Amino acid sequence: MSDQMRLFGDVVGHQRVLELLAREVAAPANAYLFVGAAGVGKATVARRFSALLLCPEAGGHTGECRSCRRVMSAAHPDLIEPDARQGLGVDQARSTIHQASLSPVEAARKVFLFDDAGTMTDQAANALLKTLEEPTATSVFVLVAEFEEQLPTTVASRCRTIHFGRVGEPMLVSALVERGVEEAQARVVAGLAGGRPGLAFSLLHSDAASAFRQQWLAVPSRASSRPGESFRLAAEMLATVEPLLEDAGEELPKDERMRRRGRLALLSAGLELVASWYLDAAAVQLGGPIRNKDVPLAMLTSVTPGDAVTRAERTLDAAVDLEANLRPQLLLADLFADLALD
Ligand SMILES: [Zn+2]
């Protein structure tokens, strides 16, 4: 790992982008535009990149130096961050331009970090444009937005654009597990997050996420072969998704197709939880490791290892079918009837 990469140590995914930015530090462009979906990690990377740009040791330290620490806590005199909560207006742009004309206080340069550059008014963008057109050797602009089109072309074309893709689900799950999250829980939040680590981390603290896990882990002991009951249980399990979607709130796109994808990802995470219950039931009797340590042993031993493995497979098959099935309630009702022991 190069020295510069150390500062990016806690970022999930985006390896190629991080390597590129670490190389940029030696001779940075005048302005960068970070674009990508909400919650994907742009702001996290932008702050660390700012730290790297201001660090007197260029990130060449194992912990954090004083300069880097101050950037992380937004308290470095050469890091200018316009407050975008009310949108970025012309006054903020003017004050930024003025600061860009001053010499750095401590570091070799000044960094201007615009977290919500997409909220910039046209007036503000025009004012800023002059500064971007006449760059000084001691200022670097880092603009963060969801799409390039959120900014006027005149501004975007002055920036070096860095695209942030989604983080792969297996990588997200293992990053969460590395941070001490239980694997089943990690799968639930990663499933909902759709490749956005920021959303995954915020869901970890959601009560709805842990209720979701408990509800799905209770399915094996509630499954019934009576058609009416398995159908009711299916309706109930379908509804478990809604509070999570609610908690994901504004970070989840309003786009109906994306919400459908989020819903499917959650249902399949729920089914994986059910399968993990059965695999635990087999493991506890055959002496293997258990994933859901909070499920009472007496429940896990109520099904024979052979039956447990068959049911785990049946459940995982259903998770695959879900993707193509337009009637998830029927699919789940059929599955729950098959899982019943009575
Ligand atoms: Zn440093």
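The numbers here are math on the coordinates, done by the rules we state, and not lab data. A quick note: this is a predicted structure, and the numbers were derived from the prediction, not measured. Here the Cβ is made from the backbone with ideal geometry for all residues, glycine too, and neighbour counts use every protein chain on show.
Please give the per residue volume of the convex hull enclosing the alpha carbon atoms of the range 103-171, rounded to a whole number of Å³.
Value for the range 103-171: 122 Å³ per residue.
Can you give the Kirkwood hydrodynamic radius for the chain, in Å, rounded to one decimal and based on Cα pairs? Working shown, then result.
Details: mean 1/r = 0.0443 Å⁻¹.
That comes to 22.6 Å for the chain.
Using 0.36 nm times the number of residues separating Asp91 and Arg260, minus their current alpha carbon distance, what extension gain do you get?
On the way: separation 169, 0.36 × 169 = 60.84 nm, distance 4.12 nm.
That pair, Asp91 and Arg260, stretches by 56.7 nm at full extension.
Once label points are set 7 Å from the Cα along Cα→Cβ at both Thr121 and Glu106, what is their separation, rounded to one decimal in nm?
Result: 3.4 nm between the two label points.
Could the peptides 178-184, 28-34, 68-74 be put in order, highest first, of the mean number of other beta-carbon atoms found within 10 Å of their residues? Walk me through the numbers before you get to the answer.
Numbers: 178-184: 14.1, 28-34: 20.1, 68-74: 16.9.
So the peptides 178-184, 28-34, 68-74, ranked by packing, come out 28-34, 68-74, 178-184.
Please give the length that would be gained between Ala58 and Gln285 if that part of the chain were fully extended, namely 0.36 nm times their separation in residues minus their C-alpha to C-alpha distance (nm, one decimal).
Length gained, Ala58 through Gln285: 76.3 nm.
Using Cα springs under 10 Å in a Gaussian network model of the chain, which residue among Ala26, Ala308, Ala124 shows the largest mean-square fluctuation?
Between Ala26, Ala308, Ala124, it is Ala26 that shows the largest mean-square fluctuation.
Count the lysine pairs in the chain that are 8 or more places apart or on different chains: how many have C-alpha atoms under 26 angstrom apart?
4
Please compute the Cα-Cα pair-distance distribution of the range 3-164 with 10 Å bins starting at 0, giving whole percents from short to long.
Pairs per bin, as whole percents: 11, 44, 37, 9, 0.
Between Ala29 and Ala75, how high is the FRET efficiency from 1/(1 + (r/R0)^6) when r is the Cβ-Cβ distance and R₀ = 25 Å? Nearest 0.05.
Between Ala29 and Ala75 the formula returns 0.45.
I need the peptides 185-193, 92-100 ranked by packing, meaning the mean over residues of other C-beta atoms within 10 angstrom, with the highest value on top.
Per-residue Cβ counts within 10 Å, averaged per peptide and sorted highest first, yield 185-193, 92-100.
Once amide H atoms are built 1.01 Å from N in the peptide plane, which residues 5 or more positions from Val142, or in another chain, come under 5 Å H to H?
Tyr32, Phe112, Leu113, Phe114
Taking 7 Å along the Cα-to-C-beta vector as the label spot, tell me the Gln215-Glu229 distance in nanometres, rounded to one decimal.
Taking the two extended label points, one gets 2.0 nm.
Could you please report the charge total around Val35, scoring K, R as +1 and D, E as -1 over all other residues with beta-carbon less than 12 angstrom from its beta-carbon?
-1
For the range 169-339, report the translational diffusion coefficient in µm²/s to the nearest whole number, using Stokes-Einstein at 10 °C, 1.306 mPa s, and a Kirkwood Rh over Cα pairs.
So the translational diffusion coefficient is about 98 µm²/s.
If R₀ is 25 angstrom, what is the calculated FRET efficiency for the pair Ala38 and Thr161, using the beta carbon separation as r and rounding to 0.05?
Result of the calculation: an efficiency of 0.90.
What is the pair-distance distribution P(r) of the range 153-228, computed from all Cα-Cα distances in 5 Å bins starting at 0, with each bin given as a whole percent?
3, 14, 20, 15, 11, 9, 9, 8, 5, 2, 1, 1, 1, 0
Determine the gain in length on full extension of the stretch Glu242-Leu129; use 0.36 nm per residue of separation and subtract their C-alpha separation, reporting nm with one decimal.
Once the chain is fully extended between Glu242 and Leu129, it gains 36.3 nm.
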